[in-house]
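Quick notes on the structure that follows.
A short reminder: the numbers here are calculations on the coordinates, not readings from a lab. Keep in mind it's a predicted model, so treat the numbers as computed, not measured. Cβ sites come from the backbone with ideal geometry, for glycine too, and all protein chains shown count toward neighbours.
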Amino acid sequence: MSATAVTSLELNGRPCEIRGDHPHLLAALRDELGVLSPKDGCSPSGQCGCCTVLIDGKAQVSCQLSLEKVEGRSITTLEGLDPDERDRFASAFAARGALQCGFCTPGIVVRTKALLDKKGDSLDRKTAARHLGAHLCRCTGYTKILDAVEDLATGRVEEPVSAGEIGTSGVRYQGAELSLGDKPYVDDLYPQGLLHGALRLADHARAEIVRIDTSAAKALDGVEAVLTAADVPGELRVGLIHKDWPVFIPEGGRTSYLGDVLAMVVAVDRETARRAARLVEVEARPLRPIVDPVAAIEDGEDAVWTLDGNVLSRSTYTRGDIDDALTRSAHVVHEVFQTQRVEHAYLEPESTLAVPHEDGTLHVYSGGQGIWDDRDQIASVLGEPTESITVELVSNGGAFGGKEDMSNQAQTALAAKLLGRPVKCTLSREESFLLSPKRHPIRNRGMGRL
Ligand code: FES
Ligand code: FES
């Protein structure tokens, strides 16, 4: 962090100074002060509510507050609440099943605290619902959350019951810790000697990459390394069914979408890494993007770099005599059905932490949905035996199938391996949208007889 003005404030009832250069209060709380209950779902856009804290008793998203704005103010996070009050909130949310992944919940609890402080037992469901509109929850839905808020307002908080023997039902495992933001996600892990990674993504959905110049990024104070495809000792591509996804696009390669990775910067802190990633200069020759899968079937150019043609596979299934059945039909209906594209929109952006050990093995903390697949793919990119890699699942802040594919695991593992230091890389919301595979539309041309 560069030297900057010191910000003085009160944090959880104690005087406190922020000395680093942070883009907003949330970054200062998490990266410098170790206050991890406010979560980062979308900073700095202020859209999700996960980073909500109390500023002079008022609930506000901390990713939209510059350090100048909080000078002299009083900040309260869930860490600073009275232990009895913390228990009450945790019990209410856990007992009502008002959380699943829990990533959004600490922010919602803070908002609830502010509402209860203001309105006490007159807080009704309708008012709570209006205020909780500032919070996105992708897993739970809002009914149970409002049940929990209502219990807190009326003082009828139930004791959460853990599941007993088989056949009994209980509350969400670790629901209390999740409600208070105490259970760590990957981005909440800060091992000794941690370095931070940031990705340089493509400027064009489809372009030939002529040159990648990392010199300006490497020259920035605090940068430890800038990795490109030239640093990959093993396979360049990963993929669960087809290995068709390059972890880096090299010079001479071609991008296939805006989420393609051209370089990874590793630096002493997150902001330096991100600043340096923007300094990686890329000379590219833009090409016509291929964005329509139906048109791509007839397109003479390949949509995905190094794949031959635009048809991934063909499957044929035959049952009965369709021609005969249609001939005998009084009416035949032709229809095309198409489902919509879905961004999984888990509240927790992808994050990976890789920690190298002295014996040459690597421990990777992943929020992915398939640790064995992650392990195989990381090992193949590193050119290492799978036994040398351990992947530990850190419960993620939502996934919905979208974290089955790799995101930044291979690049982060490579950086930790080459530098011999723990490296963490957490995507911004924008990077997550660009990089992650979507639930793609399915087009079905159907015919039926009447
Ligand atoms: S509103 Fe601040 S992280 Fe989403
Ligand atoms: S529990 Fe709300 S986003 Fe997962």
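The modelled label-to-label distance between residue 194 and residue 387, using points 7 Å beyond Cα along the C-beta direction, is 3.2 nm. Were the residues from residue 440 through residue 317 laid out at 0.36 nm apart, the gain over their Cα-Cα distance would be 42.1 nm. When 58, 119, 424 are arranged by Cβ crowding within 10 Å, least crowded first, meaning fewest neighbours, the order is 58, 119, 424. The label point for residue 6 and the one for residue 341, both projected 7 Å from the Cα toward the Cβ, are 5.0 nm apart. Along the axis of the charge dipole computed for the chain (Cβ charges of +1 for Lys and Arg, -1 for Asp and Glu, origin at the Cα centre), the listed residues 92, 304, 353 are led at the positive end by 92. Counting neighbouring beta carbons within 10 Å and listing from fewest to most, the residues 173, 257 come out as 173, 257. Straight Cα distances below 28 angstrom link residue 58 to the lysines 39, 69, 113, 118, 119, 126, 144, 183, with same-chain residues fewer than 8 positions distant left out. Starting from the Cα gyration tensor of region 180-323, take the square roots of the eigenvalues, sort them a ≥ b ≥ c, and report rounded, prolate or oblate (rounded when a/c is under 1.5, otherwise prolate if a/b is larger than b/c, else oblate). Verdict is oblate for region 180-323. Scalar couplings 3J(HN,Hα) for region 329-337, obtained by applying the Karplus form with A = 6.51, B = -1.76, C = 1.60 to θ = phi - 60°, are 8, 6, 9, 10, 10, 10, 9, 10, 10 Hz; x denotes Gly and Pro.
Taking Cβ atoms as reference points and 13 Å as the exclusive limit, the residues near residue 221 contribute a net charge of -2, counting Lys and Arg as +1 and Asp and Glu as -1. Please state the shape class of the chain: rounded when a/c is under 1.5, otherwise prolate if a/b exceeds b/c and oblate if not, all from the C-alpha gyration tensor. Oblate is the answer for the chain, as a/c is 1.5 or above yet b/c matches or exceeds a/b. Note on residue 19 and residue 327: the model spin-label points, each 7 Å out from Cα along the C-beta direction, lie 8.8 nm apart. Exposure proxy ranking for 308, 373, based on other Cβ atoms within 10 angstrom of each Cβ and starting from the fewest, stands as 308, 373. Once the Cα-Cα distance is subtracted from the 0.36 nm per residue extended length, the residue 143 to residue 242 segment shows a gain of 31.5 nm. Report the paramagnetic label zone for residue 294: residues of region 333-349 whose backbone N is under 16 Å from a point 7 Å from Cα along the Cα-to-Cβ axis. Inside the label zone: 334-341.
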